[in-house]
Amino acid sequence: MKDIQLPGGPHFAYRDGELHAEQVALSALAREHGTPLFVYSKAAMLAALGAYQRGFAGRKAKIFYAVKANSSLAVLQVFAQAGCGFDIVSGGELERALAAGGKPADVIFSGVGKTRAEMQRALELGIGCFNVESEEELDVLNEVATRVGRTATVSLRVNPDVDAKTHPYISTGLKGNKFGIASDRTVQAYRHAAGLPGLNVAGIDCHIGSQITESAPFLDALDRVLDMVAAVEAAGIRLQHVDFGGGLGIGYEEDNQPPQADALWKQLFAKLDARGYGDRMVMAEPGRSLVGNAGICLTEVLYLKPGEQKQFVVIDAAMNDLPRPAMYQAFHAIMPVREAPNGAGGTYDVVGPVCESGDWIGRDRTLATQPGDVLAVLSAGAYCMSMASNYNTRGRAAEVLVDAAKATLIRERETIDDQLRKEKLLPAG
Ligand code: LLP
């Protein structure tokens, strides 16, 4: 039936009618660990990383995996072992990165709302760089650094005002967004930073959005960032590195394939060279493009529910496990783990058990399925488990990482005791 290339292929592919992650049959994993179950392919992660490494070969450049995309410890461990640093946005992500084997010096701290406590901990550990998002934050970071007797290495996140042509919730480089320092304030902000004794100004950074599927917004943004580098350096402040953020999309659907990381970076380095900045240290913060198509979510069909206007497949995964369709109307392919015999399919909305009409995972999908079948929701490696919640008091799913023929449980399913542990009843009387 399927001679198609699945998102995540060749690491997720049908063999003898059974969907496999590398050499492991997914139906066996569902039987052993239950559903919903996230399954990741280590080879798929390393292949995605390989495209960046090819693009960066021979350059002064480093990859900082954006922890928010998938912050499970074993996933971070794979990237730490492969030589990546980490891009974090909270004190919690910092502790995760360290627990997974990351070195503080290989951590960069992004985000618009860093607290004093988070700054202090990061300074005491000696992280590599703070990506500062406002002049107010420069002052607070200077104050904390001075108090603890450290110098904070900083880069200023600038807002290049380009349209990343992605969903408005995940577009970050436009004037109306809360992120970064406006281009007309950039030189002033750098002067301010350079005058603060607790800070060491090292670089510039930008991040224009996520799930970007074309090269043009990246190339435009780089031009604008380099214009700002020129202006800042004309003011006498030398910048050692350019951090170009993350944002490269993945193919969730066959007909929407973004550029490969190596091809994109070839164009970006050509621009850096042409404009005379090829000697600078280059940093990138990819998240989704490293893990998105390296994971799937297995879910069991509970009911086929005929409706008046639509037919529904009710599954045991929901918006608390897979929040992207509800939040961004995102598309995830849904496939049976056992190829169904031809011709028996219907058109269904695939929905979860959560009590909201927004709890849909796929709309108008052709599927041949029945209760008890296991389905795979594809492209679920990024921004699924890391955004999962306990809504409707649903425990978060278990996770398995596959490496060739070996499957390791990397997170146990959350139990009701896990969920109730921190709560207290009111005292009697
Ligand atoms: N660096 C910064 C400063 C970021 O804000 C982000 C993502 C990244 C790097 C990584 O971007 P990526 O390479 O993953 O596109 N939950 C949304 C995506 C939110 C992205 C937020 N920032 C989704 O599920 O589509």
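None of the figures in this text is laboratory data; all of them are computed from the coordinates on show. Because the structure is predicted, anything quoted here is derived from the model rather than measured. FYI the Cβ positions are ideal-geometry reconstructions off the backbone, even for glycines, and counts take in every protein chain you see.
Can you tell me how many residues within the stretch 379-401 are crowded, with 24+ Cβ neighbours inside 10 Å and either within 16 Å of the ligand (Cβ to nearest atom) or more than 18 Å from Glu414 (Cα to Cα) (or both)?
The number of residues fulfilling the criteria is 7.
Within the stretch 12-38, restricting attention to residues that are touching a residue at least 40 places away in the same chain (Cβ under 8 Å) and touching a His at 6+ places or on another chain (Cβ under 9 Å), which residue is nearest to Gln260 (Cα to Cα)?
Filtering first and then ranking leaves Phe12.
For the stretch 8-15, check the following and say yes or no: at least one residue is within 16 Å of the ligand (Cβ to nearest atom) and part of a strand (DSSP E or B).
no
Kindly provide the set of residues from the stretch 301-324 that are crowded, with 19+ Cβ neighbours inside 10 Å and in a loop (DSSP other than H, G, I, E, B), ordered by number.
Asp316, Ala317, Ala318, Met319, Asn320, Asp321, Leu322, Pro323
Are any of the residues in the stretch 180-200 out of contact with any His (no Cβ under 7 Å at 6 or more places or on another chain) and within 15 Å of the ligand (Cβ to nearest atom)? Spell out how you get there, then give the answer.
Filtering the stretch 180-200 down to residues out of contact with any His (no Cβ under 7 Å at 6 or more places or on another chain) leaves 180-200.
Subsequent filtering for residues that are within 15 Å of the ligand (Cβ to nearest atom) retains 180-181.
Checked against the condition, which is being out of contact with any His (no Cβ under 7 Å at 6 or more places or on another chain) and within 15 Å of the ligand (Cβ to nearest atom), the stretch 180-200 yields at least one hit.
Name the one entry in Gly111, Gly85, Gly102 that is closer than 15 Å to Val132 by Cβ, crowded, with 17+ Cβ neighbours inside 10 Å and within 16 Å of the ligand (Cβ to nearest atom). Spell out how you get there, then give the answer.
Numbers: Gly85 fails: closer than 15 Å to Val132 by Cβ; Gly102 fails: closer than 15 Å to Val132 by Cβ.
Criteria check complete, one pass: Gly111.
If you go through the stretch 218-235 one residue at a time, do you hit one that is in a loop (DSSP other than H, G, I, E, B), out of contact with any Cys (no Cβ under 6 Å at 6 or more places or on another chain) and in contact (Cβ under 8 Å) with a residue 40 or more places away in the chain? Steps first, answer last, please.
Keep residues of the stretch 218-235 that are in a loop (DSSP other than H, G, I, E, B), which gives 235.
Those left that are additionally out of contact with any Cys (no Cβ under 6 Å at 6 or more places or on another chain): 235.
Filter once more, so that each one left must be in contact (Cβ under 8 Å) with a residue 40 or more places away in the chain: 235.
Yes, the stretch 218-235 has at least one match.
Quickly run through the stretch 176-204 and pick out the residues that are crowded, with 19+ Cβ neighbours inside 10 Å and β-branched (Val, Ile, Thr).
Selection gives Ile181, Thr186, Val201, Ile204.
Identify the single condition in (1) within 27 Å of Pro10 (Cα to Cα); (2) in a strand (DSSP E or B); (3) not hydrophobic (A, V, I, L, M, F, W, C) that His332 does not satisfy, given that it satisfies every other one.
(2)
What number of residues within the stretch 280-300 are farther than 22 Å from Asp205 by Cα and in a loop (DSSP other than H, G, I, E, B)?
Qualifying residue count for the region: 0.
Under the condition of being farther than 25 Å from Glu118 by Cα and without any contact (Cβ under 8 Å) to a residue 40 or more places away in the chain, which residue from the stretch 137-187 is farthest from the chain's Cα centre (by Cα)?
Within the stretch 137-187, the match that is farthest from the chain's Cα centre (by Cα) is Asp184.
Can you tell me which residue is surrounded by the fewest Cβ atoms within 10 Å (Cβ to Cβ) among those in the stretch 268-300 that are under 29 Å from Leu378 (Cα atoms) and charged (D, E, K, R)?
Glu300
Do we have Pro259 as within 16 Å of the ligand (Cβ to nearest atom), more than 30 Å from Arg224 (Cβ to Cβ) and free of Cβ contacts under 8 Å to residues at least 60 places away in the same chain here? Working first, answer last.
On the way: within 16 Å of the ligand (Cβ to nearest atom): yes; more than 30 Å from Arg224 (Cβ to Cβ): no; free of Cβ contacts under 8 Å to residues at least 60 places away in the same chain: yes.
The answer is no for Pro259.
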